[in-house]
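Working notes, structure below.
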Amino acid sequence: SYHEINDEANRLAHWLIERGIGTEDRVAVLLDKSPELVTTALGILKAGAVYLPVDPTYPEDRLSFILNDAVAKLVLREPVTDLKDYPASEPELIRPLGPANTAYLIYTSGSTGLPKGVPVPHAPIAEYFVWFGEEYRVDETDRLLQVASPSFDVSMGEIFGTLICGARLVIPRPDGLRDIGYLTELLRRE
């Protein structure tokens with residue numbers, strides 16, 4: 001539920017803040033599509049930090065390049081667990097956060113050379129989500145299947161656009177998008 005997602009994201013934000021993570025600190029996340037990816041991404045933003053999604057299926061040389069180039073303060077290669085002792089309340093940020101601060105850092109495909117990190121501030125992405133909800137009339141009756149790689153810009157809309165509009169995000173099982181029988185059943189059922 002939205003309540004459970006919010007509570008878990010707040011707990012993670014408290015965990016991050018306890019480790020000194022705050023505004024403009026980059027947190028690299030190497031998780032595939034999963035509920036844990038959603039709560040991790042949201043928790044990073046709630047701590048005021050910069051969400052840096054990195055597809056864990058990338059070749060090792062690409063992963064190394066991105067992680068070295070990004071200078072992430074923290075790299076999460078698996079979900080943070082045992083957060084039950086952290087409060088579910090909204091966290092207090094360690095540094096001020098404003099619309100011009102970076103929300104996420106996405107790396108380009110690198111098709112014309114080396115991948116390049118593109119920082120996206122909170123203001124334009126917030127404006128995009130308002131437009132998205134109004135233009136496509138997304139609401140609680142809608143469902144969206146998460147298909148984009150976590151490190152592809154479209155995943156921001158899939159995760160955050162869906163949540164902001166109150167819709168349901170349907171997360172396929174690992175490698176589920178390659179199984180036509182599973183995918184057909186998932187689309188029919190959900």
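Out of Val75, Val80, which single residue is surrounded by fewer than 21 Cβ atoms within 10 Å (Cβ to Cβ) and in a strand (DSSP E or B)?
Val75
Show the residue pairs that are 6+ apart or on different chains and have beta-carbon atoms under 8 Å apart, the first residue being within segment 146-169 and within 27 Å of Pro115 (Cα to Cα) and modelled with pLDDT of 90 or more, the second being buried (at least 16 other Cβ atoms within 10 Å of the Cβ) and among the acidic types (Asp, Glu).
Gln146/Glu158; Val147/Glu158
Could you tell me whether Tyr104 is touching a helix residue (DSSP H, G or I) at 6+ places or on another chain (Cβ under 8 Å), open to solvent by 80 Å² or more (accessible area, probe 1.4 Å), hydroxyl-bearing (Ser, Thr, Tyr) and modelled with pLDDT of 90 or more?
no
Checking Pro172 against (1) outside any helix (DSSP H, G or I); (2) within 19 Å of Glu4 (Cα to Cα); (3) open to solvent by less than 20 Å² (accessible area, probe 1.4 Å); (4) of a type outside the set (Phe, Trp, Tyr): exactly one of these is not met. Which one?
Status for Pro172: all satisfied but (2).
Please go through (1) closer than 26 Å to Glu4 by Cα; (2) under 20 Å from the mean Cα position of the chain (by Cα); (3) of a type in the set (A, V, I, L, M, F, W, C); (4) open to solvent by less than 30 Å² (accessible area, probe 1.4 Å) for Leu186 and return the number of the only condition it doesn't satisfy.
Of (1) closer than 26 Å to Glu4 by Cα; (2) under 20 Å from the mean Cα position of the chain (by Cα); (3) of a type in the set (A, V, I, L, M, F, W, C); (4) open to solvent by less than 30 Å² (accessible area, probe 1.4 Å), only one is false for Leu186: (2).
For segment 56-72, name all the residues that are surrounded by fewer than 19 Cβ atoms within 10 Å (Cβ to Cβ) and in a loop (DSSP other than H, G, I, E, B).
Pro56, Thr57, Tyr58, Pro59, Val71 - these are the residues of segment 56-72 that are surrounded by fewer than 19 Cβ atoms within 10 Å (Cβ to Cβ) and in a loop (DSSP other than H, G, I, E, B).
Which one of the conditions (1) open to solvent by 50 Å² or more (accessible area, probe 1.4 Å); (2) out of contact with any Phe, Trp or Tyr (no Cβ under 8 Å at 6 or more places or on another chain); (3) farther than 22 Å from Gly98 by Cβ does Glu24 fail to meet, given that it meets all the rest?
The failed condition is (3).
Among Gly110, Gly133, Gly98, which is the only one that is of a type in the set (Gly, Ala, Ser), at pLDDT 95 or above and not in a strand (DSSP E or B)?
Going through Gly110, Gly133, Gly98 in turn, the sole match is Gly98.
For segment 120-140, indicate whether the set of residues that are free of Cβ contacts under 8 Å to residues at least 40 places away in the same chain, within 20 Å of Leu63 (Cβ to Cβ) and surrounded by 13 or more Cβ atoms within 10 Å (Cβ to Cβ) is non-empty.
No, the conditions are met nowhere in segment 120-140.
The values are calculated or read from the model by the stated rules, or taken from the named source; none is laboratory data. All of these numbers come straight from a predicted model, not from anything done at the bench. In this analysis, Cβ positions are derived from the backbone assuming ideal geometry, glycine residues included, and neighbour counts consider all displayed protein chains. Ligands, DNA and RNA are excluded from the accessible area calculation, which covers all protein heavy atoms including side chains. Shrake-Rupley method; radii C 1.70, N 1.55, O 1.52, S 1.80 Å.
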